[in-house]
Every structure is written in C-alpha cells, then in structure tokens.
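Worksheet: the structure to be examined is printed underneath.
The values are calculated or read from the model by the stated rules, or taken from the named source; none is laboratory data. Just so it is clear, the model here is predicted, and its values are computed rather than measured. All Cβ positions, even for glycine, are placed from backbone atoms using ideal geometry, and neighbour counts span all protein chains on display. All accessible areas refer to the heavy atoms of the entire protein, side chains included, with ligands and DNA or RNA removed. Shrake-Rupley method; radii C 1.70, N 1.55, O 1.52, S 1.80 Å.
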Amino acid sequence: AFARALKVLEFGAAAGDSAAKVHLALILEFGVMGTPRDHQRAIDLLTAAGNEGNLDALKILTAAYAAGDLLPRDRDKAQHYWRLVMTKVSDYQYDDACDRLRSLGGEPPKEGSADARAGVDFSKATLI
C-alpha cells in the first residue's frame, strides 16, 4: 500500500501538485518506511511547493531556516518565509503569525501599510 501511495505522490509532484511535493519531500527527507533518503531532492520539492505558495511548504522552510536543522540557519530567510506565510493566513492566525515573526527577530508590517497582508505573486517569487 505504501509503495502505491509513493507512486501516486511521485506522479502528483511531477504533475505540479504542491501538496504532493510537500508530502513526498517529507518522505524523502526522513526516509519513511525505508524510502531512500534524498535531502537535496526534498529541499528542491519544498522550495518548488513554496514557490507555488503552498502554506505547509512555507512553514516548513521557515522552521528549517530558523532552527538550522534541515538547512543552514538563516534568520533573514526565516523572516522572509514567515512574511509569506503571513500573507496567506486568516485574520485569526495573523496575530499569532506577527508574534512568531517577532520571535524570529523580525518586525511585522504596520497595519494599513502597503505591505500589511499584501498579496504575493508566488509565480514570480524567488524564495531561495
């Protein structure tokens, strides 16, 4: 059953499904169910999903850069990704997202400014 699911994820990722890319990346990063680990491919898949605006990928990349575990620690990139996350969250989640950005050493945009909750064109964003 897992082998079949893995094939479905591979197909979905190749077809451009950002959720499939995230799931496949996690399987490859951690070697789930004996799958050969492939760190670079996992990061490439996460980055591609993030470039497509996938919220889970953006959160994972934020955490990876903030903690320095999957990727080298980089506070600027962590803040960058978290700002992208902030453009995608609900009003309820926005306050929590602002608090998280502050904990990363960043400052959220001022309410009412052009950058506050601004839409991001993920088809043109370069995340790494």
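Among the listed residues GLN40, GLN79, identify the single one that is open to solvent by 50 Å² or more (accessible area, probe 1.4 Å) and not hydrophobic (A, V, I, L, M, F, W, C). The conditions single out GLN40. Within the stretch 43-53, the set of residues being in contact (Cβ under 8 Å) with a residue 24 or more places away in the chain, out of contact with any Lys or Arg (no Cβ under 6 Å at 6 or more places or on another chain) and open to solvent by 20 Å² or more (accessible area, probe 1.4 Å) comprises THR47, ASN51, GLU52. Looking at this structure, is LEU101 over 25 Å from ALA1 (Cβ atoms), touching a Phe, Trp or Tyr at 6+ places or on another chain (Cβ under 8 Å), in a helix (DSSP H, G or I) and modelled with pLDDT of 90 or more? It is false that LEU101 is over 25 Å from ALA1 (Cβ atoms), touching a Phe, Trp or Tyr at 6+ places or on another chain (Cβ under 8 Å), in a helix (DSSP H, G or I) and modelled with pLDDT of 90 or more. Picking from ALA63, ALA57, ALA25, which residue would you name as being modelled with pLDDT of 85 or more, in a helix (DSSP H, G or I) and open to solvent by 30 Å² or more (accessible area, probe 1.4 Å)? One residue alone meets the criteria, ALA63.
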